[in-house]
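**Q** Got a structure for you, written out below as structure tokens; questions coming shortly.
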There are 2 protein chains.
Amino acid sequence: MGTRERIIDVALEMFNENGERAVTTNHIASRLGISPGNLYYHFRNKQAIIANLFDRYEQRVLEILALPEGRVIETQDKLRYLTDVFNELWAYRFMHRDMEHLLSADPELHERYRGFFSHCLRQIENIFLALSGAGILSADEQDCQDLALNTWIVVTSWFSFLQCNLLSGDESVITQDMLQGGIYQVFSLERPYLTPDHRDDVLALQRAFIPRPDWMQRR
Amino acid sequence: MGTRERIIDVALEMFNENGERAVTTNHIASRLGISPGNLYYHFRNKQAIIANLFDRYEQRVLEILALPEGRVIETQDKLRYLTDVFNELWAYRFMHRDMEHLLSADPELHERYRGFFSHCLRQIENIFLALSGAGILSADEQDCQDLALNTWIVVTSWFSFLQCNLLSGDESVITQDMLQGGIYQVFSLERPYLTPDHRDDVLALQRAFIPRPDWMQRR
DNA sequence: CTATTATTAGAGTTATTACTCTAATTCGTC
DNA sequence: GACGAATTAGAGTAATAACTCTAATAATAG
């Protein structure tokens, strides 16, 4: 693997561990065992590394969110969407953590991010509309729009939420439970919209695949 | 007003404008027209200023979230809760923006924040339970727990969401619309749970008080 | 008025960070 | 193996940030 790729990989790893703010270019070079000069040979500056990571992230998420071609959407699809998105989000979790700063430091990236967001939001909305069309949900257009935005917010905030509210200082371990907690939480958004015909089936399916993690049942 | 209070006020102002990361103690002192030494006479370090701001924030929010004493909860209560909380959140918006870093830099604050969170979450849950008890919502215990967590996430992420996705670079102006957008969004969480008896009334009330802002109707 | 304490100024320190520059080394190709 | 280009090392720089130190000034009490 080339030096350029290794820089990106290690940068991602370190950003996720400690946040972009705490990771300097020298740290990255040092962990790689290369010189800072070498790093700057491959990247004009720190922002360029970040922009590159955003490229990867954006591409992966857009792939995941594409609607199934030539067939009707099913409940399993929703589950797959969420699992894949959450996994991807976990892999790039520093991004939403430090998003506001990253964007304010790089107007071009900010512009791209806005495009990414509105694409995603439309896509999420389409998924809800498709679920309604398939008779799984009973939600009108406005419901779907609101569901989509709530979904975006919960999904993109989930790992920050975990970090701030549940994990204590050191342990930065993500358990499968925590991922599932996020998925459960997103499903809870659509739960009241399930049609009587599908309600029991879907709920049973969800309970099987995404049981409510223990730690979510406080008291 | 004493120097100590002026430092806190100006720090809050500047943190909100540019984020805690971009505001140095020297900047704060400079805008106040005092020396850095003077600032450090009043505060041991930057974290102490932040911890102090958190004190204020925590106290105000807990006051706001208290349940009404000696009477049944009404729809207007919920509206007041949200308006007040959002105003307070706006006043301290740097906090949730940079929360993850602030907490990782100050374990003691992290501990306090976790307490604050669980208190708030319980309180929010109680509000939903009270609304259910009053026959306004039809939501069981688990629904209320899930609603509470979704509410917390949407509320605490709202201003970051705006900054990243809707505002372009310079304009950091918050319009009343944007606050209302957040309130609308939180109401959309409970909308499907409204009982038939109250549904029309509540929706009419909400439409009057928190119309969906124009910019939320994309396309 | 004096002694003590609280407050402030402002220069200075230490550490860090993003980034540059030059010289060396490796690599691919003929 | 020679030659140009790509890659790398590593010392160095300029800027910045958090914080310290000392001395001066104000405020207060007796």
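**Q** For the stretch A:1-90, just say rounded, prolate or oblate: build the C-alpha gyration tensor, square-root its eigenvalues into a ≥ b ≥ c, call rounded for a/c under 1.5, and beyond that prolate if a/b exceeds b/c, oblate if not.
**A** Values: a/c = 3.59, a/b = 2.63, b/c = 1.37.
The shape class here is prolate.
**Q** In debye, nearest 20, what is the charge dipole magnitude of the stretch B:46-216 about its Cα centre with +1 on Lys and Arg Cβ and -1 on Asp and Glu Cβ, if you could check?
**A** 220
**Q** Do any residues of the stretch A:174-194 lose at least 50 Å² of accessible area when the full set of protein chains is present rather than just their chain alone, and if so which, with a 1.4 Å probe?
**A** For the stretch A:174-194, once contacts with the other chains are taken into account, A:Gln185, A:Arg191, A:Pro192 lose 50 Å² or more.
**Q** Sticking with this structure for a sec: Report, to the nearest whole %, how much of the accessible area of the stretch B:105-145 belongs to carbon and sulfur atoms, 1.4 Å probe, protein only.
**A** After summing per-atom areas, the C and S share lands at 48 percent.
**Q** Cα centroid distance between the stretch A:98-123 and the stretch A:62-89, in Å?
**A** Rounded to whole Å, the Cα centres lie 22 Å apart.
**Q** If the label for A:Asp140 sits 7 angstrom from Cα along the Cα-to-Cβ line, what are its distances to the same label in every other copy, in nm to one decimal, shortest first?
**A** 2.8
**Q** Interface A/B, total buried accessible area with a 1.4 Å probe, nearest 100 Å²? Display every interim value, and only then the final one.
**A** Working: alone 11970 and 11940 Å², together 19560 Å².
Chains A and B together bury approximately 4400 Å².
**Q** Using just the alpha carbons, could you tell me how many Å³ per residue the convex hull of the protein assembly as shown encloses?
**A** Considering the Cα atoms of the protein assembly as shown, their hull volume per residue is 169 Å³.
**Q** Oh, and also: Sequence-distant or interchain residues sharing an amide H contact under 5 Å with A:Leu137, placed H: which?
**A** Those qualifying (amide H under 5 Å, at least 5 residues apart or on another chain) are A:Ser132, A:Thr195.
**Q** Peptide A:21-30: average number of partner chain Cβ atoms within 10 Å per residue? Mind showing how you got there, number by number?
**A** Working: counts 6, 3, 0, 0, 0, 0, 0, 0, 0, 0.
Whole-number average of other-chain Cβ neighbours for A:21-30 is 1.
**Q** May I ask you to derive the relative contact order of chain B, considering only C-alpha pairs under 8 Å and at least 6 residues apart, and to give it as an integer percent?
**A** Relative contact order, chain B: 19 percent.
**Q** So what is the 222 nm mean residue ellipticity for chain B from helices alone, if each DSSP H run of at least 4 adds -39500 (n - 2.57) and you divide by all residues, rounding to the nearest 500 deg cm²/dmol?
**A** Only helices count here, giving -24000 deg cm²/dmol.
**Q** Note down the relative contact order for the stretch B:1-43 as a percent, whole number, built from C-alpha pairs under 8 angstrom at least six residues apart.
**A** Relative contact order here is 35 percent.
**Q** Counting only other chains, and only Cβ atoms inside 10 Å, what mean value do you get across the residues of A:147-154?
**A** Across A:147-154, the average partner-chain Cβ count within 10 Å equals 5.
**Q** Another one. At a temperature of 10 °C and a viscosity of 1.306 mPa s, determine how fast chain A diffuses translationally according to Stokes-Einstein, using the Kirkwood radius over alpha-carbon pairs as Rh; express D in µm²/s, rounded to the nearest whole number. Before the final figure, lay out the partial values.
**A** Details: Rh = 19.0 Å.
Once the numbers are plugged in, D ends up at 83 µm²/s.
**Q** Now, a different point. To one decimal in nm, how far is B:Met1 from the same spot in the other copies, if labels go 7 Å from Cα toward Cβ? Please give the shortest first.
**A** 5.2
**Q** Further question on the same structure: What are the residues of the stretch A:112-127 that lose 40 Å² or more of accessible area, with a 1.4 Å probe, going from their chain alone to all protein chains?
**A** A:Arg114, A:Phe117
**Q** Another question, then. For helix A:3-18, report the angle its Cα long axis makes with the longest principal axis of the Cα atoms of chain A; keep it between 0 and 90° and round to the nearest 10°.
**A** So the inclination is approximately 60 degrees.
**Q** Let me ask another. For A:Leu109, what charge total do you get from the other residues with a beta carbon under 11 Å from its beta carbon, if Lys and Arg give +1 and Asp and Glu give -1?
**A** -3
**Q** Just the accessible area per residue of the protein assembly as shown, please: how many Å² with a 1.4 Å probe?
**A** On the way: 19560 Å² over 438 residues.
Result: 45 Å² per residue.
**Q** Here is a further query. Taking the label point as lying 7 angstrom from Cα along the Cα-to-Cβ axis, what are the distances from B:Phe209 to the corresponding position in the remaining copies, in ascending order and in nanometres?
**A** Copy-to-copy label distances at B:Phe209, shortest first: 3.9 nm.
**Q** Okay, next question. Where Rh is the Kirkwood radius over the Cα pairs of the stretch B:89-219, the temperature 10 °C and the viscosity 1.306 mPa s, what D in µm²/s does Stokes-Einstein return?
**A** 96
**Q** Starting from the Cα of B:Lys46, draw a straight line to each of the aspartates and glutamates and keep only those under 12 Å, dropping any in the same chain fewer than 8 residues away.
**A** Once the sequence-local aspartates and glutamates are set aside, what remains near B:Lys46 is B:Glu20, B:Asp106.
The values are calculated or read from the model by the stated rules, or taken from the named source; none is laboratory data. All of these numbers come straight from a predicted model, not from anything done at the bench. Here Cβ is always computed from backbone atoms with ideal geometry, including for glycine, and neighbour counts include all displayed protein chains. These accessible areas exclude ligands, DNA and RNA; they are computed on the full protein's heavy atoms, side chains included. Shrake-Rupley method; radii C 1.70, N 1.55, O 1.52, S 1.80 Å.
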